Amino acid sequence: MKKGWLALILVTALSLILAACGGGTADNGGEDSGDGEGSSEGGTEFVQILTGGTQGTYYPLGGAFANILNSELDNLEANATSTGASVENMKSMREGDGQLAFTQTDIASYAKNGEVMFDESIENLQAIGTLYPETIQIVTTADTGIESVADLEGKVVSVGAVGSGTRANADNILDIHGLSIEEDIEARNLAFDDSTSGIQDGTIDAAFITSGTPTGAVESLAATSEVNIVPVEEEKVQELIDEYGYYAQDKIPEGTYGLESEVSTVAVQAMLVTDSNLSEDLVYNMTKAIFENTDQVQHDKGEQITAESAQEGVGIDLHPGAKKYYDEQ
């Protein structure tokens, strides 16, 4: 009799152990690989939006896009995160760390082709569309006496983070003026807010900032100092366009940062890219949601983001989902 009870206890214990180990195998424990879409759990798609520094333009726009996607699309959860901007974003996309990313058009082309700061091609990049001009701003204050690009020689100048889009622009502009980052200035590799803080406390003389205007970091500087934007003269603008192709003439309007007159400079385009592995339906729905709800973007650049201009200057292939949306328009 005792042996019978002992056998029953052992069988029951073994059954409980097997149930604990094998439970959930039929439904894969509720996990989902995503099937080429953003990461998912329980039927919800998770979309990470890679932006830029908190004092730039990408970050607030990314937050606005996340809010639009969350309110307009069912079963999708979007989140915008601060990053080192264009170059870092492209590398993060290669690693699968984001589903949408802000970048400059020139940087996206470099990434796709494996050029300049990219040792190899980032194959999984495709475009959602271009957004607005990314203005190259050479920022200083009136008391530095810097009035031209030539005046930067021998000065302490922030040229953006190493490998950043801003640094690539600074290199191009200095080169077209016969100057070198390595030999003719004391370069500092700072984010936008650190650049303007350095100008304010006198530790640096000027900074290159590539961002949509008005840029938050420069507005903060203008609240306490008389900001001066160093012009890129029209002759040099044309040389940059002829040499590199992806630049365009731009103007910083009078009144921006308290400027008394408009300033000539150049711009590249800001664009939104996505992972080519995302499904056509997901990207179509995200593209439609963003471009049909730009009235919800509480930033000056929101007015410039349109489906009509989104294919201008893209430079890399559109994702089929984005192309489907534009074709319908």
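I'd like the Karplus ³J(HN,Hα) series for the stretch 247-252: coefficients 6.51, -1.76, 1.60, θ = phi - 60°, whole numbers in Hz, and an x wherever there's a Gly or Pro.
Running phi through 6.51 cos²θ - 1.76 cosθ + 1.60 with θ = phi - 60° gives 8, 9, 4, 8, 9, 9 Hz.
If Lys and Arg each add +1 and Asp and Glu each add -1, what is the summed charge of the other residues whose beta carbon sits under 11 Å from the beta carbon of residue 116? Provide the component values of the computation, followed by the final result.
Working: positive: 167; negative: 106, 115, 119, 171.
Charge balance near residue 116 sits at -3.
When only C-alpha pairs under 8 Å and at least 6 residues apart count, what is the relative contact order of the chain, in percent?
Values: 643 pairs, mean separation 73.2, N = 329.
Over the chain, the number comes to 22 percent.
Quick one: 3J(HN,Hα) in Hz for the stretch 217-222, Karplus 6.51/-1.76/1.60 with θ = phi - 60°, rounded, Gly and Pro as x.
5, 6, 4, 5, 5, 5
Can you list the DSSP H helices in the chain whose Cα atoms extend at least 27 Å along the helix axis and whose mean Kyte-Doolittle hydropathy is 1.6 or higher? The partial results should precede the final answer.
Details: long enough: 2-22 (30 Å, 1.65).
Membrane-span-like by this criterion, though nothing is claimed about a membrane: 2-22.
For the ranges 218-231, 250-263, what's the packing order if you count other beta-carbon atoms within 10 Å of each residue, average per peptide, and put the highest first? Write down the numbers at each step before the final one.
Values: 218-231: 18.3, 250-263: 15.3.
In decreasing order of mean packing, 218-231, 250-263 become 218-231, 250-263.
Per residue, how much accessible surface does the stretch 212-300 expose to a 1.4 Å probe? Answer in Å², no decimals.
Values: 3980 Å² over 89 residues.
The answer is 45 Å² per residue.
Roll a 1.4 Å probe over the protein chains and send me the accessible area per residue for the stretch 75-140 in Å².
With all protein chains present, the stretch 75-140 gives 32 Å² per residue.
What are the residues whose amide H is under 5 Å from the amide H of residue 188, where those residues sit 5 or more places off or on another chain and H is modelled from the backbone?
For residue 188, whose amide H was placed from the backbone, the distant partners under 5 Å are 157, 158, 159.
Put +1 on the Cβ of each Lys and Arg and -1 on the Cβ of each Asp and Glu in the chain; which of 227, 172, 286 then has its Cα farthest toward the positive end of the dipole?
Toward the positive end, the furthest listed residue is 286.
Return a single number: how many Lys pairs in the stretch 225-329, at a sequence separation of 8 or more or on separate chains, have alpha-carbon atoms below 24 angstrom apart. Show your work: numbers first, answer last.
Values: 236/251; 251/301; 288/301; 288/323; 288/324; 301/323.
Step by step, the pairs that qualify in the stretch 225-329 add up to 6.
May I ask you to give the percent of accessible area on the chain that is carbon plus sulfur, with a probe radius of 1.4 Å? If you can, show how the numbers build up before the last one.
Values: 6960 of 15350 Å².
C and S fraction of accessible area: 45 percent.
Amide H of residue 129 versus every other amide H placed in the peptide plane: which residues, excluding those fewer than 5 positions away on the same chain, fall under 5 Å?
Result for residue 129 returns 272.
Placing +1 at every Lys and Arg Cβ and -1 at every Asp and Glu Cβ, with all other atoms neutral, what dipole size does the chain have around its Cα centre, in debye to the nearest 20? Walk me through the intermediate numbers first.
Working: 14 positive and 57 negative charges, 369 e Å.
Dipole magnitude for the chain comes out near 1780 debye.
Please give, to one decimal in nm, the separation of the simple spin-label points placed at residue 308 and residue 142, each 7 Å out from Cα toward the Cβ.
3.9
The values are calculated or read from the model by the stated rules, or taken from the named source; none is laboratory data. All of these numbers come straight from a predicted model, not from anything done at the bench. Ideal geometry is used to build each Cβ from the backbone, glycine not excepted, and the neighbour counts take in all protein chains shown. Heavy atoms of the whole protein, side chains included, go into the accessibility calculation; ligands, DNA and RNA do not. Shrake-Rupley method; radii C 1.70, N 1.55, O 1.52, S 1.80 Å.
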